[in-house]
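First up is the structure itself, then whatever we jot down about it.
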Amino acid sequence: MMTGSFYPGQQLVVPAGETPPQGGQLVSAVRAQGRQLCCQRCGAIWPRGIQTLPLGGAYCQDCIGLGRVTTRDRLWRLAPPVFPERPAGQCCAWQGTLTPNQVRAAQAIQHAHTAGRGILVWAVTGAGKTEMTFPVVTAALAAGGLVAYASPRIDVCNELFPRIQTAFPTISTGLRHGREEQPYMGEQLIVCTTHQLLRFYHAFSLIIVDEVDAFPMHNSRLLHAAVAQALQPGTAPVYLTATPDAHLRRQLRRGQLAVAYLPRRFHGAPLPVPRLHWCRQHTLTTGFQPLQRLVRCHRSARRPVMLFVPTVPLLTALTVWLSSRFPAETVVSVHADDPERVAKVQAFRDGRTTLLVTTTILERGVTIPHLQVIVWAADHEHFQTNALVQVAGRAGRSADDPWGRVDFFYHRYTLAIARARREIRQMNRRGGFR
């Protein structure tokens, strides 16, 4: 017999030989489709005869990160949740004011959600996309619906969660991702990675996908399927990003998505256009003056500096070099496999760290006042156009200091660098800046 707590809307794996409690719907976890097999949890399809088990049967490789499902297992799908209805005023405690552009975007989101149509909110970095979703989230919560803020990135979820808790203090709220061990406990409002949506079936009345174009969701059939399956029939997602990928732009051209543009940041200042610095090579030689002078200038003004690098070896080399050149500063590095990643980012937010060297894991979802951004080896193949735009968007996000600086160091002037600068300038012109 399965043990533990079960909540409406969940999709749980029932191993072979076990029996779930009464209620809900039981389906085969992996079912046959002619000469192929189909995973009922994630929708993956593969030919018979591969992904087999030593004792017989087959398993799904696509969603194995959430636990293995096989042809011997079943999925137990519980009915969608119904929460008590309540006045909208009892849901949202946010006291801020939306700008006229944000109001128009928020109205477009609500209209699309009411019509059951998907919408892309194409807004510049630092535009206040999260706050624009508060009206539609408030309406969904007031109507007794289950709501999710989902993102492909753990760091984005960690950044969002305290803001959502503060905005909706009377609503039960949970944080779910691969490094959060606590299971779903029946909360009405969830902040989670998109992978976690595979644990639900037709459960959510509203899903907001933040940074929809980010890795690993970019071109991921599995994660887009997870969003579609977790939504209740007749509803559609709200997508948020500053850098929509080719797939999203194609959907816009075909009229498959509504769109709301927001070309200005909430504080009204333009996006910082990256300044360029040519360097002979990407090795840090003794006394590399341009980078050293720039870091010293930022730290003299007591501004935190985030330095982006494309690879872990470069991250290690730059961290050592900075520590030797700035012994009075606290220099820390962070990357995707760093077990202390969350704690290090929080220390940087709190001002206990002054220089943070990072890979592209922090290109999105990080807001730090007075931040100055430097990209080392901006011409590396890991820095595509959307990554450079997102990295540049970390600077100048706070209303009290909207004039952050962004600097790219490069050896070859690449198409990605040119396009990133062009896109930033185009968004500034669309926002009324020259």
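The values are calculated or read from the model by the stated rules, or taken from the named source; none is laboratory data. These numbers were taken from a predicted model, which means no experiment stands behind them. Using ideal geometry, Cβ is built from the backbone for each residue, glycine included, and neighbour counts are taken over all protein chains shown. These accessible areas exclude ligands, DNA and RNA; they are computed on the full protein's heavy atoms, side chains included. Shrake-Rupley method; radii C 1.70, N 1.55, O 1.52, S 1.80 Å.
Structure above, values below:
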item	result
Among GLN51, GLN40, TRP76 the positive-end extreme of the charge dipole of segment 35-77 (Cβ point charges)	TRP76
Trypsin sites (Lys or Arg not before Pro) lying in DSSP loop within segment 96-163, provided at most 16 other Cβ fall within 10 Å	ARG117
At R0 = 45 Å, FRET efficiency that the Cβ-Cβ distance of ALA16 and MET185 yields, to 0.05	0.95
Residue among GLY186, GLY174, GLY34 with the largest mean-square fluctuation in a Gaussian network model of the chain, springs linking Cα atoms under 10 Å	GLY34
Estimated dipole of segment 362-434 in Debye, rounded to 20 [Cβ of Lys and Arg +1, of Asp and Glu -1, Cα centre]	400 debye
Heavy atoms of SER333 accessible to a 1.4 Å probe, total area in Å² rounded to 10	30 Å²
Net charge dipole size for the chain [Lys, Arg +1 and Asp, Glu -1 on Cβ; Debye, nearest 20]	1340 debye
Antiparallel bridges, percent of DSSP beta bridges restricted to the chain (to nearest 5)	30 percent
Hull shadow area, averaged, the chain [alpha-carbon convex hull, nm²]	23.4 nm²
Per-residue ³J(HN,Hα) for segment 378-384, Karplus 6.51 cos²θ - 1.76 cosθ + 1.60, θ = phi - 60°, Hz, x for Gly and Pro	5, 8, 5, 5, 6, 8, 7
Potential lengthening between GLN251 and ALA143 on full extension [0.36 nm per residue; Cα-Cα distance subtracted]	35.9 nm
Selection of GluC sites (Glu not before Pro), segment 340-381, meeting DSSP coil and at most 13 other Cβ within 10 Å	GLU340, GLU381
Cα centroid of segment 369-394 to Cα centroid of segment 42-76, whole Å	39 Å
Within a Gaussian network of the chain (alpha carbon springs, distance under 10 Å), most fluctuating of ILE417, ILE64, ILE154	ILE64
Formal net charge of residues neighbouring GLU211 (Cβ-Cβ distance under 14 Å; K, R +1; D, E -1)	-2
Per-residue HN-Hα couplings for segment 71-76 [Karplus 6.51, -1.76, 1.60; θ = phi - 60°; Hz; x = Gly/Pro]	5, 8, 8, 10, 10, 9
Over segment 225-336: Kirkwood hydrodynamic radius from C-alpha pairwise inverse distances, Å	18.8 Å
Kirkwood-Stokes translational diffusion coefficient of segment 139-248, alpha-carbon pairs, 20 °C, 1.002 mPa s, µm²/s	154 µm²/s
Segment 336-434 shape via C-alpha gyration tensor axes, a/c threshold 1.5	oblate
Residue with peak Gaussian network fluctuation, the chain [Cα springs, cutoff 10 Å], from SER205, SER324, SER151	SER324
GLN90-ARG104 pseudo-label distance in nm [points 7 Å out on the Cα-to-Cβ vector]	3.6 nm
Amide H contacts under 5 Å for SER398, placed H, 5+ residues apart	HIS370
Alpha carbon Rg of segment 315-394, scaled by the compact-globule rule 2.2 N^0.38 Å	1.07
Two-decimal Rg to Rh for segment 109-185 - Kirkwood Rh, Cα set	0.95
Computed over segment 198-262, Cα set: Rg, Dmax in Å	11.9, 33
Long-range amide H partners of VAL121 with built H, under 5 Å	TYR239, LEU240, THR241, ALA260
Accessible surface of segment 16-127, 1.4 Å probe, proportion on carbon and sulfur as whole %	51 percent
Under the Karplus curve 6.51 cos²θ - 1.76 cosθ + 1.60, θ = phi - 60°, whole-Hz ³J(HN,Hα) for segment 302-316, x wherever Gly or Pro sits	6, 9, x, 10, 10, 10, 9, 10, x, 9, 5, x, 5, 4, 5
Built amide H within the under 5 Å cut-off of GLY67, gap 5+	none
The chain: angle of helix 289-300 to the longest principal axis, Cα-based, in degrees nearest 10	80 degrees
